[in-house]
Amino acid sequence: MTERLINYGSQYLNSRINTGGLSGLPDVNIADNGSQAWTILDETGEQAFAFDVFEKSNYKGESKIVQSPVEEGSFASYNMTLTPQEVGCTLIKRGRSDDLSAFINALQAFVESTDLLTVVTPEREYQSMKLTKATFDRSIDNGTDCIVADLSFQEVREITSEYTTVEMQEKTQRGTRQGKKVTADTPAQKQKQTAILRMMGV
């Protein structure tokens, strides 16, 4: 077990990292690796909610490919579908009851809203992330003034719609209807049709 000092912003976390008893592994001070970047930002670029420790994070990226065989050398992007990225993290918040209540309310509000967040780590920023799940843990081991929150984020992939204007041609009457030519009756034709009908007693 190696005792290491991890700096997350203004807070320090004594994290015991199990090296499995292996010797020769270098001791890494994570405080030197841009730990100031461990945070969660809202759409304005400000910190979404206040917390004390960014304890850990995990990432899941996945792609799905077609199950049917493809011709050799013809595998292309349309044979594969990228699923949204998923990011999880654990935050620790300490404080008085009103501080903890504000922390819980902020997380619940982001779960219920359509606001997108950015999860920032020293190596990468995960943008357009929706907070989909927040679970809280309080125990006597951590103290009654401490909340451990496990958060789940899922990427929202947005596209830009493009619209074009198409000029439609005016509809014109066709020359035939059900195989017959469409013509207008002249006055003489109407009189002839009337006379024929009278002779038939109609």
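Would you mind checking the range 96-115 for residues with the amide N under 19 Å from a putative spin-label position 7 Å along Cα→C-beta of Phe136? So the set is 96-113.
With all pairs of different alpha carbon atoms counted, what Kirkwood hydrodynamic radius in Å does the range 49-165 show? Across the range 49-165, the inverse of the average 1/r is 17.0 Å. Among Tyr78, Tyr59, the ranking by other beta carbons within 10 Å of each residue's beta carbon, starting with the fewest, stands as Tyr78, Tyr59.
Taking 7 Å steps out from each Cα toward its Cβ at Met80 and Ser128 produces label points 1.9 nm apart.
Modelled label positions at Glu62 and Asp42, each set 7 Å beyond Cα in the direction of Cβ, lie 3.2 nm from each other.
Among Phe75, Phe153, sorting on how many other beta-carbon atoms sit within 10 Å of each Cβ, with the fewest leading, yields Phe75, Phe153.
Taking 0.36 nm per residue of separation and subtracting the Cα-Cα distance, full extension of the segment from Ala50 to Gln108 would add 19.5 nm.
Each value in this text was obtained by applying a stated rule to the coordinates, not by laboratory testing. As the structure is a computational prediction, the values presented were derived from the model and not from experiment. All Cβ positions, even for glycine, are placed from backbone atoms using ideal geometry, and neighbour counts span all protein chains on display.
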